[in-house]
Amino acid sequence: MFDFKNKIVVVTGGARGIGKCIREKFEQAGATVCVIDLLQNDYFVGDLADKATLEKFADKVISDYGRVDFLINNAAPKSCGISSASYEDFEYALKVGVTAPFYLSKLFAPYFPSGASIVNISSSRDRMSQPETESYTAAKGGIASLTHALAVSFSGKVRVNSISPGWIDNNYTVYEGADAIQQPAGRVGNPPDIANMVLYLCSDMAGFITGENICIDGGMTRRMIYHGDFGWSLGE
């Protein structure tokens, strides 16, 4: 369905989970993928929270390939809450989740060709929360807003969009009962549900889409919930 032969793709956090699936999908479509992750991988191991590491990574990509067609900011920030998170914990989450996507976009800006695309991975947490998730939620809200700011700044040169995944099970577990049916789609999501949209947003088929945030959550954030309705109970 997609042809990305001779395209150069950067995927942050591409060693596992959604990022690994994105990498595999691009490679299957003919692209060359450059991964940066704390986990071992065959391109670049490094901490996205470190400015010098980002610069070294960007230098390597440009030295190796001379351009970046698609930048996928996928790496997940640390999740910790108001009760336990230190200043340093919160700062680190924002560095990984917001600052690194901004800085990589800036570093690669001179090397984006016509038709380039940036896809940021946000989360449905950008619009809803559970207790004790402040660092993750703030980072995901930040990257969702960063998306439309970059789309305007890169107007006419680079399309910039974000995706907000809901419950995505990286182990492809098949859930039944309440875990499944609480999503109107009737199931929990898997990495390809997100990766397929990433490839679409990078393709010419999405050429009129920029500055957009697309929530892929099986409809979960669209279900209105009231205590006592349809068996839902807040619990006391």
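The values are calculated or read from the model by the stated rules, or taken from the named source; none is laboratory data. In this text the structure is predicted, and so the values were computed from the model without any measurement. Here Cβ is always computed from backbone atoms with ideal geometry, including for glycine, and neighbour counts include all displayed protein chains.
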Among residues of the stretch 1-24 being small (Gly, Ala, Ser) and either without any contact (Cβ under 8 Å) to a residue 24 or more places away in the chain or in a helix (DSSP H, G or I) (or both), the residue surrounded by the fewest Cβ atoms within 10 Å (Cβ to Cβ) is Gly17
Condition set among the charged types (D, E, K, R) and either in a helix (DSSP H, G or I) or under 16 Å from the mean Cα position of the chain (by Cα) (or both), scope the stretch 32-51, selection nearest to Met205 (Cα to Cα): answer is Asp37
Scanning the stretch 81-120 residue by residue, those in contact with a helix residue (DSSP H, G or I) (Cβ under 7 Å, 6 or more places away or on another chain), outside any helix (DSSP H, G or I) and surrounded by 15 or more Cβ atoms within 10 Å (Cβ to Cβ) turn out to be Gly81, Ala85, Ser117, Ile118, Val119, Asn120
* Asked: Does Ala29 fit the bill of being more than 19 Å from the chain's Cα centre (by Cα), within 29 Å of Trp167 (Cβ to Cβ) and either among the hydroxyl-bearing types (Ser, Thr, Tyr) or surrounded by 15 or more Cβ atoms within 10 Å (Cβ to Cβ) (or both)?
  -> yes
When every residue in the stretch 194-209 that is hydrophobic (A, V, I, L, M, F, W, C) and part of a loop (DSSP other than H, G, I, E, B) is compared, the one surrounded by the fewest Cβ atoms within 10 Å (Cβ to Cβ) is Phe208
> If we scan the stretch 214-232, do we find a residue that is touching a Lys or Arg at 6+ places or on another chain (Cβ under 8 Å), β-branched (Val, Ile, Thr) and over 26 Å from Glu27 (Cβ atoms)?
Replying inline: yes
| request: Determine, yes or no, whether Ala138 is under 15 Å from Phe70 (Cα atoms), modelled with pLDDT of 95 or more, among the aliphatic types (A, V, I, L, M) and surrounded by 15 or more Cβ atoms within 10 Å (Cβ to Cβ). | output: no
| query | If you go through the stretch 65-77 one residue at a time, do you hit one that is closer than 22 Å to Val160 by Cα, part of a loop (DSSP other than H, G, I, E, B) and of a type in the set (D, E, K, R)? | reply | yes
Within the stretch 52-65, the residues that are out of contact with any Phe, Trp or Tyr (no Cβ under 7 Å at 6 or more places or on another chain) and either without any contact (Cβ under 8 Å) to a residue 40 or more places away in the chain or not hydroxyl-bearing (Ser, Thr, Tyr) (or both) are Ala52, Thr53, Glu55, Lys56, Asp59, Val61, Ser63, Asp64
